[in-house]
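The structure under discussion appears below in the form of structure tokens.
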Amino acid sequence: MKKNFILSALILLAIFSSCSGGKKEPEKAKPVIIAYVAGFNGLVDVSKISPDKITHINYAFVDVQGGKAFLTNEATDTVNFRKLNELKKVNPDLKIFISVGGWTWSKNFSDAVLTAEGQKTFAKSAVEIMHKYNLDGVDIDWEYPAIEGDAGNVFRPEDKQNYTLMFAAIKAELDALEKTTEKKYLLTTAVGGFQKFVDNTEMDKAQQYLDYINIMSYDTQSSDTAVHHTNLLASDKYSPSNSADLAVKAFNKAGVPMEKLVMGIAFYGRMYQLKKGASEGIGDAVDKQIEGKGYTFIKDSLVNKNEYYRYWDEAAQAPFLFNFYKGTFLTYDDEESVTAKCEYVKTNGMAGVMFWEYSSDPKEYLLNAINAALK
């Protein structure tokens, strides 16, 4: 009897352990790696895309015309959508979005979403394109609500509220579509990595409709001083110094949860001809901007070659090249700075990283560094 009692007790204990204590903690979401792919250049060579190294593709760009999302390059866009979807054979979890707007095609956002009717019309048109080509989400790249981006862009104070209402309208269209397709769709946005963008939006309200907020923590260049354009932390070599860290903190303070924030990485550099007498590169006076090229070219042809010497700004966690003899300066991301950004993402509980733009680094030097750091 005693043996049977002990045996029964052990069985009950085992059952209890398997039902309670044996439960695993839910796995943390893996960091996203969002690649912007430039469809506006024409046909995309998908053979040069590694779907197993990324989680999302943002197809850039869809225009805004007549109050609607509009495929300006429909002949090539439709081919690109089909070929990009074929990458899911390699990575079934890959998500592909249309990205609406961009620097050049943000002129008409303000007019398109000025009224409730306009917001619904625009939202419906964007979701229709996404659904027609069997894609997974919509990304909005409005540069910028309530402040001027490219010369000639329409902007008005009401953009601050209409930016939020636009997302509410798109989210409503996506939710309605989900009920008929039983498929999950995502909504994201690219945001300017500077305080003025935060001040002219309602990010605490807008984020409620968004899955990810992609911070464009690059292009923080100056027209008169040689500074980093994509540094992680503030530099101590010039003042004031913008940084990805400051941008992340600004959006978080404005009400965006860390787990929705995505760090931007530049796959290209910005190069400047400096004024005569330049001796340090960083912090010297700029004469004019010249072509900067993508990272594969920078690494293979410029870094510590042809008198372009690489320097590391420890405070900023960012590299730069300086050619003393030619008086040229180049600011960019490399493997070391990308690794630092990825560590920052993990330490601060951010969603992951995104980069502009895939074809700028065809040898995938930076994408490999991202994967090594995040996986």
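Before moving on, here are some points about what is shown:
- Set ASN214, ASN231: member being modelled with pLDDT of 95 or more, buried (at least 18 other Cβ atoms within 10 Å of the Cβ), assigned to a strand (DSSP E or B) and in contact with an Asp or Glu (Cβ under 9 Å, 6 or more places away or on another chain): ASN214
- Residue in region 204-211 that is under 25 Å from LYS184 (Cα atoms) and part of a loop (DSSP other than H, G, I, E, B) present: yes
- Of all residues making up region 343-368, the number that are of a type outside the set (Asp, Glu) and free of Cβ contacts under 8 Å to residues at least 60 places away in the same chain: 1
- Scope region 86-144; condition over 24 Å from THR180 (Cα atoms) and free of Cβ contacts under 8 Å to residues at least 24 places away in the same chain; matching residues: LYS89, THR115
- Any helices (runs of 4 or more DSSP H) falling wholly within region 49-164 and containing at least 1 residues that are surrounded by fewer than 20 Cβ atoms within 10 Å (Cβ to Cβ) and touching a Leu at 6+ places or on another chain (Cβ under 9 Å): 74-86, 116-132
- Hey, ASP219 more than 17 Å from TRP103 (Cβ to Cβ) and of a type in the set (D, E, K, R) or not: no
- Residues located in region 168-191, provided they are among the polar types (S, T, N, Q), more than 22 Å from ALA35 (Cα to Cα) and out of contact with any helix residue (DSSP H, G or I) (no Cβ under 8 Å at 6 or more places or on another chain): THR180
- Some residue of region 320-332 being under 17 Å from MET216 (Cβ atoms) and in contact with a Gly (Cβ under 9 Å, 6 or more places away or on another chain): yes
- Near pairs, Cβ below 8 angstrom, 6+ apart or cross-chain, from region 248-269 (on the phi > 0 side of the Ramachandran plot) to any residue that is modelled with pLDDT of 95 or more and acidic (Asp, Glu): GLY255/ASP204
- Within region 87-105, not a single residue is more than 20 Å from ASN214 (Cα to Cα) and of a type in the set (Ser, Thr, Tyr).
- Residues of region 329-350 satisfying the condition of being touching an Asp or Glu at 6+ places or on another chain (Cβ under 8 Å), surrounded by 23 or more Cβ atoms within 10 Å (Cβ to Cβ) and not in a strand (DSSP E or B): LYS341, MET350
- Selection status of VAL353, crowded, with 16+ Cβ neighbours inside 10 Å, of a type in the set (Val, Ile, Thr), under 19 Å from the mean Cα position of the chain (by Cα) and in a helix (DSSP H, G or I): no
- Pair list, Cβ < 6 Å and 6+ apart or interchain, from region 297-325 residues that are under 15 Å from MET271 (Cβ atoms) to residues that are polar (S, T, N, Q) and surrounded by fewer than 22 Cβ atoms within 10 Å (Cβ to Cβ): GLU307/ASN323; TYR308/ASN323; ARG310/ASN304
- LYS326 satisfies every condition listed in (1) closer than 22 Å to GLU259 by Cα; (2) surrounded by fewer than 23 Cβ atoms within 10 Å (Cβ to Cβ); (3) charged (D, E, K, R) except (1).
The values are calculated or read from the model by the stated rules, or taken from the named source; none is laboratory data. Just so it is clear, the model here is predicted, and its values are computed rather than measured. Note: ideal-geometry Cβ built from the backbone for every residue, glycine included; neighbour counts use all protein chains shown.
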